[in-house]
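Coordinate-derived values only; no laboratory data. Just so it is clear, the structure is predicted and the values come from calculations on it, not from any experiment. A quick note on method: Cβ atoms are made from the backbone with ideal geometry, for glycine too, and the neighbour counts reach across all protein chains shown.
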Amino acid sequence: MSTHKQVIIIGSGPAGLTAALYTSRANLKPLLIEGVEAGGQLMLTTLVENYPGFRAGVLGPDLMGEMRAQAEHFGAEIMQGDVSSVDLSERPFKINVDKTQYTADALIIATGASAKWLDLGVDKKLSGRGVSTCATCDGFFFKGLPVAVVGGGDTAMEEAIYLSKLATQVTVIHRRDTLRASKVMQDKALSTPNISFLWNKEVVDIKDLEQGKVTSLVLRDTTNGEQSELAVDGVFIGIGHNPNTALFKGQLAMHDNGYLKTHDGSRTSVAGVFAAGDVQDHIYRQAVTAAGSGCMAAIDAERFLSGTLHESSHQSAVSS
Amino acid sequence: MASDKVKVFTDANFGDEVKNGVVLVDFWATWCAPCRRIAPIVDQLAEEYNGKLTVAKVDIDENPMTPSKFMVRGIPTLLLFKNGELQETVVGLESKDRLAQIIDKHL
């Protein structure tokens, strides 16, 4: 037994929900399967200050709640569940969620990206024991304790600023001697009294696996190889993201870094399968660009289903 | 709506409550966004395993002793006990299918 839909959307961040909004308004009765990280990365942020339309900023979870309600308002069906496998070899495409099968004439992939770990092995083993990729989730446990943040981008700065209100001391560890973060975030972090920076250092080990908790980090200087140790109770990893594309390995064309390849808007290497948001974007990775590409995927899917999407058409997508 | 099959444990009764049978405990807090994502899955597990598995929640703001005793330093964390002994620790989000597999090992 399987349930057939015209359009299925996988993922419930800004890309997926915008695709759901547009396809439901086009009367395609989309089914959106939200995934375990429902709401996407914005669910783990606090104030979002760069989403247009909110001059005082908007809380990430609130923004996602609104997007979801808006899509549902126009009839999008949103279901809890995590896609376990897909078969894109023929149409209709098959999408399996646990033991239930769905089929779809068009598929929009908006599975996003998830926080990267350090690849030390020990960091995953101490996850929930002092190693975290989410300051707003786990910062609470480090009230009055020293912590470290690894990374030099916006994510790392946001984590450091959030943690500075809880922890005694926040040490940012960065492999280079300059930050990648935006100017606004850099200025905020650099001017916070209890945030300090260790430049040109990388984490080579986290202690102490035997005690089952974080006690210190072993650091290596990237310029001279010298090792040092930093005593902390927690370490927050903000070194970037990996695309959630494991489901599509061998079925869709990907870049070397695992991101889905798209062409002529949102099209993937399989006709009828479209991709939107961070799963196909390792450059911009913004809520607003994800939402924009979700809209593109919805319009492309609508045209594909009505037979008006032509291969390699380079014409403008604006019609209304 | 939260399932009425899900119990609420506290620092005061935690030790007694996990003593018998297989017990799944969800450590959460009101401010934790990912906890809100796993809550409906925990509710469904409580309904589906009713009679075979006790499912409970601990609010870590109101009950700081229990998470510290089991070294919970991130939420959501699910702990699975069998007759008072800690068997499994699941940190972060997992699909319902994966959680069911973990539970089934101990039933």
Q: Determine, for the range A:117-237, the count of lysine pairs separated by eight or more sequence positions (or lying on different chains) whose alpha-carbon distance falls under 29 Å.
A: 24
Q.
Once you place label points 7 Å from the Cα toward the Cβ at B:N20 and A:K124, how far apart are they in nm?
A. 3.9 nm
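Enumerate by residue number the trypsin sites (Lys or Arg not before Pro) in the range B:1-81 meeting two conditions: DSSP loop (anything except H, G, I, E, B), and at most 14 other Cβ atoms within 10 Å of the site's Cβ.
Numbers: sites: B:K5, B:K7, B:K19, B:R36, B:R37, B:K52, B:K57, B:K69, B:R73; in loops: B:K5, B:K19, B:K52, B:R73.
Passing both the DSSP loop test and the Cβ count: B:K19, B:K52.
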Q. Using the 10 angstrom Cβ neighbour count as an exposure proxy, how do B:E17, B:E48 rank, fewest first?
A. B:E48, B:E17
Q: Please give the FRET efficiency for B:A12 paired with B:I102, using the beta carbon to beta carbon distance and R0 = 30 Å, rounded to the nearest 0.05.
A: 0.60
(Q) For chain A, which cysteines have no second Cys with its Cβ under 4.7 Å from theirs? (A) A:C295
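Within the range A:5-56, which GluC sites (Glu not before Pro) sit in a loop by DSSP and count at most 15 neighbouring Cβ atoms inside 10 Å? Let's see the in-between values first.
Numbers: sites: A:E34, A:E37, A:E49; in loops: A:E34, A:E37, A:E49.
Filter output for the range A:5-56: A:E49.
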Q: State which helices in chain A qualify, where a helix is a whole DSSP H run, it must extend 18 Å or more along its own axis by its Cα atoms, and its mean Kyte-Doolittle hydropathy must be at least -1.0.
A: A:60-73, A:287-306
Q: Determine ³J(HN,Hα), in whole Hz, for all residues of the range B:64-69 in sequence, where each value follows from phi through the Karplus function 6.51 cos²θ - 1.76 cosθ + 1.60 and θ = phi - 60°; x replaces Gly and Pro.
A: x, 5, 5, x, 5, 4
Q | Tail fraction, Cα-Cα pairs, the range B:1-51, threshold 12 Å, whole percent | A | 67 percent
Q | In the range A:200-274, trypsin sites (Lys or Arg not before Pro) in a DSSP loop with at most 10 other beta-carbon atoms within 10 Å | A | A:K249
